[in-house]
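A.B. asks: My questions all concern the structure below.
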Ligand SMILES: C[S@@+](CC[C@H](N)C(=O)[O-])C[C@H]1O[C@@H](n2cnc3c(N)ncnc32)[C@H](O)[C@@H]1O
């Protein structure tokens with residue numbers, strides 16, 4: 001009887017410890033993120049990190065057999081964690097984060113992942129330096145946590161150009177937004193010869209968020225393959 005009680009107590013204790021660890025894993029990033037939002041609300045662009053449902057929806061949009069991924073604007077790592085859980089090898093994952101404190105946080109949280117402090121607009125140079133590109137100079141997907149909706153069109157253009165410079169013909173740029181429509185204006189999509197589809201809504205995210213997938217139009221894709 002005593003040993004049964006001991007076993008039950010031990011199970012409750014270890015359950016409690018693992019729940020506390022889960023909670024700490026979620027609360028610590030949220031506090032760090034909020035502090036950085038207070039310091040720089042425009043660049044951080046959200047008050048709290050993305051939730052697990054949104055992270056799953058983002059990662060579900062990767063092309064089949066994806067091996068190499070670049071993440072723009074890692075924040076405290078909501079998407080980084082989901083990418084690793086999905087099976088992306090740390091050495092094949094590059095996270096580019098502009099904010100110094102968040103870069104430091106990510107580096108400590110994800111040893112083995114290429115976490116670089118820099119501007120997403122310099123993705124190609126950073127990716128070359130880290131060795132995450134394949135022989136053709138491509139990755140399979142760019143997963144973006146940037147607040148693209150709040151950026152001027154000129155910056156949106158530079159971000160998309162940087163992303164598609166490292167994406168092959170079938171490569172995907174995955175972006176979330178809190179608005180009901182895609183954050184990239186139609187005119188810019190036409191100019192860059194890109195198409196977009198809405199992948200779904202993460203209703204349980206706070207606030208709810210929509211996920212959009214951008215790809216080259218077929219004409220561009222065929223041209224890219226011939227190069
Ligand atoms: C809306 S937060 C998203 C963070 C995280 N991906 C998430 O979903 O919880 C945007 C992040 O992008 C970073 N950021 C903003 N502009 C950037 C840029 N040009 N290059 C790289 N990171 C940038 C911010 O510092 C911030 O961490």
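A.B. asks: If you stretched the chain out fully between residue 35 and residue 52, how much longer would it get, using 0.36 nm times the residue separation minus the C-alpha to C-alpha distance?
C.D. replies: 4.1 nm
A.B. asks: If contacts are Cα pairs under 8 angstrom and at least 6 residues apart, what is the relative contact order of segment 50-226 in percent?
C.D. replies: Once divided by the residue count of segment 50-226, the mean separation gives 23 percent.
A.B. asks: Listed highest first by mean packing, meaning other Cβ atoms within 10 Å per residue, what order do 153-164, 90-101 come in?
C.D. replies: 90-101, 153-164
A.B. asks: Can you order the peptides 186-195, 113-122, 167-176 by their average number of other Cβ atoms within 10 Å per residue, highest first?
C.D. replies: Ranked by mean Cβ neighbours within 10 Å, highest first: 167-176, 113-122, 186-195.
A.B. asks: Let me ask another. So for each of 65-77, 131-143 I average, over its residues, the number of other beta carbons within 10 Å; can you give me the resulting order with the highest mean first?
C.D. replies: Final packing ranking: 65-77, 131-143.
A.B. asks: While we're looking at this one, here's another question. Write down Rg/Rh for segment 50-226, rounded to two decimals, with Rg from the C-alpha atoms and Rh from the Kirkwood relation over Cα pairs.
C.D. replies: Reported Rg/Rh, Kirkwood definition of Rh: 0.93.
A.B. asks: Pairs of Cα atoms under 8 Å, at least six residues apart: use those to get the relative contact order of segment 42-92, whole percent.
C.D. replies: 44
Every read-out reported here was derived from the displayed coordinates using simple, explicitly stated rules and does not represent laboratory data. Values in this document were obtained by computation on a predicted structure and should not be read as measured data. Virtual Cβ from ideal backbone geometry, glycine too; neighbours counted across all protein chains shown.
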